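The values are calculated or read from the model by the stated rules, or taken from the named source; none is laboratory data. These numbers come from a predicted model, not from an experiment. Note that we place each Cβ from the backbone using ideal geometry, even for glycine, and neighbour counts take in every protein chain shown. Just the protein is used for accessible areas: all its heavy atoms, side chains included, with ligands, DNA and RNA removed. Shrake-Rupley method; radii C 1.70, N 1.55, O 1.52, S 1.80 Å.
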Amino acid sequence: MGQGAIAVIGAGIVGLATAYHLHIDGQRVTVIDPSPEGDKTSYGNAGGIAVTEVVPASVPGLIWKIPGWLFDPLGPLAVRPAYAPRLIPWLHAFLKAGTTTEVARITTALAVLNRRVYDDLLPMLAATGLAGELHRRGALTVYESEEAYRRDRAEWSLKRSHGIQADYLNGAEVRALEPALGPAVACGVFTPQWSHVSDPRRLAEGLRQWLLANGVTVRTGRVVDIEPQVSGSVDLRLEGNETFRCANAVVAAGAWSGSLVRQLGDRVQLESERGYNTTLPDSGVNLSREVIFAERKFVATPLAPGLRIGGAAEFGGLDATANYKRSDALVRLAAMYLPGLNAQGGVRWAGHRPATSDSLPVIGRSARHPEVLYAFGHGHLGLTLAATTGRIVADLLAGRSPSTDLTPYSIARFQKNTPRHA
Ligand SMILES: Cc1cc2nc3c(=O)[nH]c(=O)nc-3n(C[C@H](O)[C@H](O)[C@H](O)COP(=O)(O)OP(=O)(O)OC[C@H]3O[C@@H](n4cnc5c(N)ncnc54)[C@H](O)[C@@H]3O)c2cc1C
């Protein structure tokens, strides 16, 4: 039987950032993952520190757009037919989260977290020697038509009301900022608070190496069962029947967290929202910052391994095989905006976003077993919110009152008549 004061389940960016914050608090930490060095959602994402993204996925009127998107086999949204029946409870909760009142509440809750991102992220990057990985050059959202921009104006106003800077640019101003963008772009919005990293994989690997060099244990193992003991400790049963005893466990297993949560008797609406991308090592196109293509719902980020073009939201569960035609379709779309784009040598990738039905992460204690904490469900914002999540979890385990009210992120929001712990 292994021993460790705090076990972090999952070595994605959220688990690693949590391990970091626990470690600097003086806690003894073990990170457990079936493949600590293997590919994970945190390795292949778009690399955006997307602090301006505070509006949830489910918004009023979205339901009318869904059929059109689903009709396009390589469009921004897809549901695998065989999986559709299993998606119904999540979809029901997702649509319920899309009322005007709920959108206002969720936007506020996301803005509260995003507002503190740099306060939590910058010290972690500095302490781990990774400060050079961050590029604070803002992002540019571009539109093919003024009309499409006007349709989004209410959303931009909502963002501005939460302190987000969003500067409208006409087509010429957009091209002055990013000359690689062609005539297909009619206008855009510059959001200077956004930033991006050189390479999300390099960041996660750098963090893992720092943790290893500083005494954090990272061990290979899949947690198949979490068994809280009457003594107050927690036994983690690993594949192969080994048991790891710890004082506290933190579930940071991304899109795979749902089964562990349910074993503990907690409820959650969590699905895999699979995204796709292609990284072009020799794109022939120079962008200085991340560009978001508003109507077609994809992004392009200039990263160290190349120009990464990605997006898409596919619901098919964790076990469906990837459909890389989606990666190819996004490159074809990007070529419409970026004349001269060279797609040769593109590397295709897919990853499972951990998507809650209300677009809010789950951060805080288990509703039934307070010795187990949750740090998952970050959807499109896992890289952005990793350091903040880690800091909050460390505050809770140190008995400090987190500077943020955690009620909106609590697992309690999914429960029916169960005890609630902050
Ligand atoms: C195409 C795409 C683009 C994205 N772009 C951005 C972006 O620009 N900015 C941003 O902030 N976010 C972005 N995201 C979202 C972000 O990548 C995720 O939210 C984030 O990576 C989730 O991190 P995680 O650590 O929770 O999960 P993961 O990185 O998935 O890590 C979870 C880990 O848990 C492990 N695990 C699973 N089950 C168990 C178990 N039973 N026992 C032990 N370990 C287990 C897995 O092996 C894995 O290593 C994007 C996602 C995609 C797909």
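With the contact rule set at Cα under 8 Å and sequence spacing of 6 or more, what percent relative contact order holds for the chain? All intermediate terms of the calculation are to be shown ahead of the outcome.
Values: 934 pairs, mean separation 107.0, N = 422.
Relative contact order of the chain: 25 percent.
How many Å² of accessible area per residue for the chain, probe 1.4 Å? Walk me through the numbers before you get to the answer.
Working: 17160 Å² over 422 residues.
About 41 Å² of surface per residue is accessible.
Mind listing the long-range amide H neighbours of G221? Cut-off is under 5 Å, sequence gap 5 or more, other chains count too, H placed in the peptide plane at 1.01 Å from N.
Those lying under 5 Å, H to H, from G221 are D33, S35.
When the distances between all Cα atoms of the stretch 41-150 are binned every 5 Å from zero, what whole-number percent does each bin get?
P(r) for the stretch 41-150, in whole percents per bin: 2, 8, 11, 16, 19, 17, 12, 9, 5, 1.
Whose amide H sits under 5 Å from the amide H of H369, counting only residues 5 or more places off or on another chain, with H placed in the peptide plane?
none
Translational diffusion coefficient of the chain at 37 °C, 0.692 mPa s, Stokes-Einstein with Kirkwood Rh over Cα pairs, in µm²/s as a whole number.
Values: Rh = 21.8 Å.
Translational diffusion coefficient: 150 µm²/s.
Calculated from DSSP H runs of 4 or more alone, at -39500 (n - 2.57) each and per residue, what is the 222 nm mean residue ellipticity of the chain, nearest 500?
After summing the helix terms and dividing by residue count, I get -10000 deg cm²/dmol.
Using a Gaussian network model on the chain with a 10 Å cutoff between Cα atoms, which of P339, P200, P85 fluctuates the most?
Ranking P339, P200, P85 by mean-square fluctuation puts P85 first.
Among T101, T407, T41, determine the one that fluctuates most according to a GNM of the chain built with springs between C-alpha atoms less than 10 Å apart.
T101
Length gain on complete extension for the stretch S259 to Q344, per 0.36 nm per residue less the alpha carbon to alpha carbon distance?
Working: separation 85, 0.36 × 85 = 30.60 nm, distance 4.00 nm.
Extra length from S259 to Q344 when fully extended: 26.6 nm.
Roll a 1.4 angstrom probe over the protein heavy atoms and tell me the percent of accessible area of the chain that is carbon or sulfur.
Numbers: 9060 of 17160 Å².
Within the chain, the accessible surface is 53 percent carbon and sulfur.
Calculate the radius of gyration of the Cα atoms of the stretch 64-119 to one decimal place, then report Dmax, the largest Cα-Cα distance, as a whole number, both in Å.
15.3, 44
For a quick check, take a GNM of the chain with Cα springs below 10 Å and name the residue from V331, V112, V268 with the largest mean-square fluctuation.
V112
Please report, for the Cα atoms of the stretch 104-215, the Rg to one decimal and the Dmax as a whole number; what are they, in angstrom?
17.5, 55
Net charge near W156, counting Lys/Arg +1 and Asp/Glu -1 over other residues with Cβ under 11 Å of its Cβ? Intermediate values should be presented prior to the final figure.
Details: positive: R150, R151, R153, K159, R160; negative: D152, E155, D167.
Summing Lys/Arg as +1 and Asp/Glu as -1 gives +2.
Give the distance, in whole Å, between the Cα centre of the stretch 289-338 and the Cα centre of the stretch 208-257.
Centre-to-centre (Cα) distance: 33 Å.
Can you give the translational diffusion coefficient of the stretch 139-295 in µm²/s, computed by Stokes-Einstein from the Kirkwood radius over Cα pairs at 25 °C and 0.890 mPa s?
Working: Rh = 20.3 Å.
It comes out at roughly 121 µm²/s.
Report the net charge of residues surrounding R267, where surrounding means a beta-carbon distance below 12 angstrom and charges are Lys +1, Arg +1, Asp -1, Glu -1. Please report the intermediate quantities before stating the final value.
Numbers: positive: R262, R368, R413, K416; negative: D266.
Net charge in that neighbourhood comes out at +3.
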